Amino acid sequence: MPERNPEAERLDRILQTLKRVHPDVAPSLNHRSPWELLVATILSAQCSDVQVNRVTPKLFRRFPTPEALAEAEPDEVEPLIRSIGLFRGKARNLVAAARIVAGRHGGRVPADREALEALPGVGRKTASVVLGQAFGIPAFPVDTHVARVSHRLGFSPRPEPREVERRMTRLMAPERWNLAHLLLIRHGRAACHARRPACARCPVERSCPWPHKPTA
């Protein structure tokens with residue numbers, strides 16, 4: 001028999017509990033295609049998904065394809081995303097990424113990590129989101145929520161994204177990574193808040209070894 005891994009079993013119990021609490025968990029960025037997901041995820045850096053979902057409909061009506069956006073200049077994009085943090089840099093990245101997707105990839109978002117991370121504005125987390133949610137390729141994106149919750153639950157000694165990803169993916173089968181990512185995000189937003197987590201109503205509090213839980 002394979003050796004039991006108590007931490008993998010603890011994580012499994014936590015994820016099962018979170019799935020019961022949040023049975024409707026789903027990606028929070030609105031999109032209809034890999035391209036729209038890529039754009040929305042680039043925009044979501046240091047910005048809430050709610051705000052991104054407010055601006056993308058107008059952006060996609062004006063520039064519905066990579067080819068259309070590739071013909072634009074950043075100053076044409078800026079007014080459409082002005083309410084997004086770091087909008088000038090993101091406008092430049094979106095246009096540059098569109099030109100690469102249109103010119104180098106035939107207008108199709110590549111389903112390949114190396115090619116995705118070569119796009120302006122795309123780091124490991126963004127590439128993982130696109131791989132997992134657009135293409136169903138196993139990936140475990142680590143945003144601030146996932147990093148914080150994984151660290152507090154004791155699965156990673158530090159909330160550093162690559163360390164969290166390395167340790168968490170060792171404890172789960174690849175086909176569970178994307179759902180686990182979504183559940184941990186939802187839990188971070190619903191209870192395990194950054195400044196003052198709601199430990200008193202946390203559904204997995206008994207499985208959490210974090211030593212700094214608020215007492216009231």
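Bear in mind that the values in this text are calculations on the coordinates, not laboratory data. What you see is a predicted model, and the numbers here were worked out from it, not measured in a lab. With ideal geometry, Cβ positions are generated from the backbone for all residues, glycine too; neighbour counts draw on all protein chains shown.
Quick rundown of the values:
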quantity: Among (1) under 19 Å from Lys125 (Cβ atoms); (2) outside any loop (DSSP other than H, G, I, E, B), the one test that Val77 misses; calculated: (1)
quantity: Qualifying residue in the stretch 197-215 (condition: in contact with a helix residue (DSSP H, G or I) (Cβ under 7 Å, 6 or more places away or on another chain), closer than 18 Å to Cys47 by Cα, without any contact (Cβ under 8 Å) to a residue 60 or more places away in the chain and in a helix (DSSP H, G or I)); calculated: no
quantity: Matching residues, the stretch 27-66, being under 23 Å from Ala111 (Cα atoms) and assigned to a loop (DSSP other than H, G, I, E, B); calculated: Pro27, Ser28, Leu29, Asn30, His31, Arg32, Ser33, Ser44, Ala45, Phe63, Pro64, Thr65
quantity: Set Ser150, Ser128: member being over 11 Å from the mean Cα position of the chain (by Cα), surrounded by 16 or more Cβ atoms within 10 Å (Cβ to Cβ), in a helix (DSSP H, G or I) and among the polar types (S, T, N, Q); calculated: Ser150
quantity: Top-ranked residue of the stretch 99-114 - restricted to ones that are within 15 Å of Ala134 (Cβ to Cβ) and not acidic (Asp, Glu), ranked as surrounded by the fewest Cβ atoms within 10 Å (Cβ to Cβ); calculated: Arg108
